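Novice: I have a structure I would like to understand better, so I am pasting it below and will then ask my questions one at a time.
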Amino acid sequence: MPITKLNIQEFLQATQGQLIFDVRSPGEYEHAHIPNAFSLPLFTNEERKVVGTAYKQESREKAIKIGLDYFGTKTVKLIEEVEKLIAVKKNGSKEIGVHCWRGGMRSAAIAWLLDLYGFKVYLLNGGYKAYRNWVIQQFDKKYDMRIVGGYTGSNKTGVIEELKSSGEKTIDLEGLAAHKGSAFGNLEQHPQPSQEMFENLLAAELDKHELNKNSNIIFLEDESQRIGNINIPVPLYNNMREHPVVFLNIPFEERLQHILNDYGTHGKDKLVTAIMRIKKKLGGLETKNAINFILEDDLKSCFTLLLNYYDKLYLKSTYKREDAETKIKKLDFDSVNAKINTEKILQHVYNR
């Protein structure tokens, strides 16, 4: 079967449901990759460095000879790795996608080997670099969005999850960023993806929704541009700020209890560290009071203080939108119950 070279859009379409193999070095893959692609490195990190040095300091021919020497000892292992992953997938398909950084020698070598063995190989023209260009283009498109807003503790993430369960298009930005968005957003200390990997994941979600024409509206949680160490791409963030906000207006005490349930089980050291991150904005006296409440095991007083701080911050950010008064629709709710609140949001959005 001949190797089929495809541009990025054709490649993504042809490999839907199939295995994609990223043959760049482990370090390149770990930094960022096409979502759901598997690492099948032609060279180790050190081998890639040796080949690259030979290419720059000696010649292309010398680099190829060194690369072929590495490649020759790995052919059987590479094929067996592909077979193992296909066996796990259990669909019996022998169609696979392959790419390297720019669609050069690394992907050509692996594609030749797998084609020789009997696989139907789709080779990405331009490699991962072409994919990254495609990713950036997704953020420049205009999407029809509804933004789920509300003060801290409103269980907006729960509503996003419930909307998804109801069959609506949603993007969980905090989930993709592995961070809940505030100074307390990573008390579990989950590692965040690289900025580049976050963008890849986000672009894949946007593309998935664009292909699904059942509904044009995408629901996202209202966020600041920065989520932990991750930034929402500027064009997409600006697009979000242009769209209507459904504001969950929930009583303070209900939100406070939700926050206590969410964060109250974490150790004192983690909570104090999180408070110190916002010391400058919170102010010296309020910071001291919040920490003292924690040390005295009075979490309710501590989070009451912090919730008042975040309410003022969120209100200021929310109404910075252009035409904020007309874009923001407050809906009153009695509790943080995501299922009940989602039903009311859908009634409002679709005029049911």
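Novice: Any residue at all in segment 266-285 that is surrounded by 14 or more Cβ atoms within 10 Å (Cβ to Cβ) and touching a Lys or Arg at 6+ places or on another chain (Cβ under 7 Å)?
Specialist: No: segment 266-285 contains no residue that is surrounded by 14 or more Cβ atoms within 10 Å (Cβ to Cβ) and touching a Lys or Arg at 6+ places or on another chain (Cβ under 7 Å).
Novice: I need every pair where a residue in segment 4-17 that is touching a residue at least 24 places away in the same chain (Cβ under 8 Å) has its Cβ under 6 Å from the Cβ of a residue that is of a type outside the set (A, V, I, L, M) and surrounded by fewer than 20 Cβ atoms within 10 Å (Cβ to Cβ), sequence separation at least 6 or different chains.
Specialist: Matching pairs, first to second residue: K5/N125; N7/N125; I8/W134.
Novice: May I pose another question? Considering every residue within segment 91-105, establish whether at least one is closer than 20 Å to S25 by Cβ and loosely packed, with under 14 Cβ neighbours inside 10 Å.
Specialist: Yes, segment 91-105 contains a residue that is closer than 20 Å to S25 by Cβ and loosely packed, with under 14 Cβ neighbours inside 10 Å.
Novice: Let me ask something additional. Being among the β-branched types (V, I, T) and either touching a His at 6+ places or on another chain (Cβ under 8 Å) or not assigned by TED's automatic domain parsing to the domain that holds D262 (or both) is the filter here, so list the residues in segment 149-179 that pass it.
Specialist: I171
Novice: Any residue in segment 196-204 that is in contact with a Ser or Thr (Cβ under 7 Å, 6 or more places away or on another chain) and not hydroxyl-bearing (S, T, Y)?
Specialist: no
Novice: Then there is this: Considering segment 24-56 alone, what residues qualify as being surrounded by fewer than 18 Cβ atoms within 10 Å (Cβ to Cβ), in contact with a Pro (Cβ under 8 Å, 6 or more places away or on another chain) and not in a helix (DSSP H, G or I)?
Specialist: S39, T44
Novice: Could we say that L12 is assigned by TED's automatic domain parsing to the domain that holds Y122 and in contact with a Phe, Trp or Tyr (Cβ under 7 Å, 6 or more places away or on another chain) here?
Specialist: No.
Novice: A follow-up question, please. Tell me the helices (runs of 4 or more DSSP H) entirely within segment 256-336 that contain at least 3 residues that are more than 20 Å from G150 (Cβ to Cβ).
Specialist: Ranges flagged: 268-277, 279-282, 284-295, 299-318.
The values are calculated or read from the model by the stated rules, or taken from the named source; none is laboratory data. Only a predicted model underlies this, so the values are computations on that prediction, with no experimental measurement involved. Neighbour counts run over all protein chains shown; Cβ positions are idealised from the backbone, glycine included.
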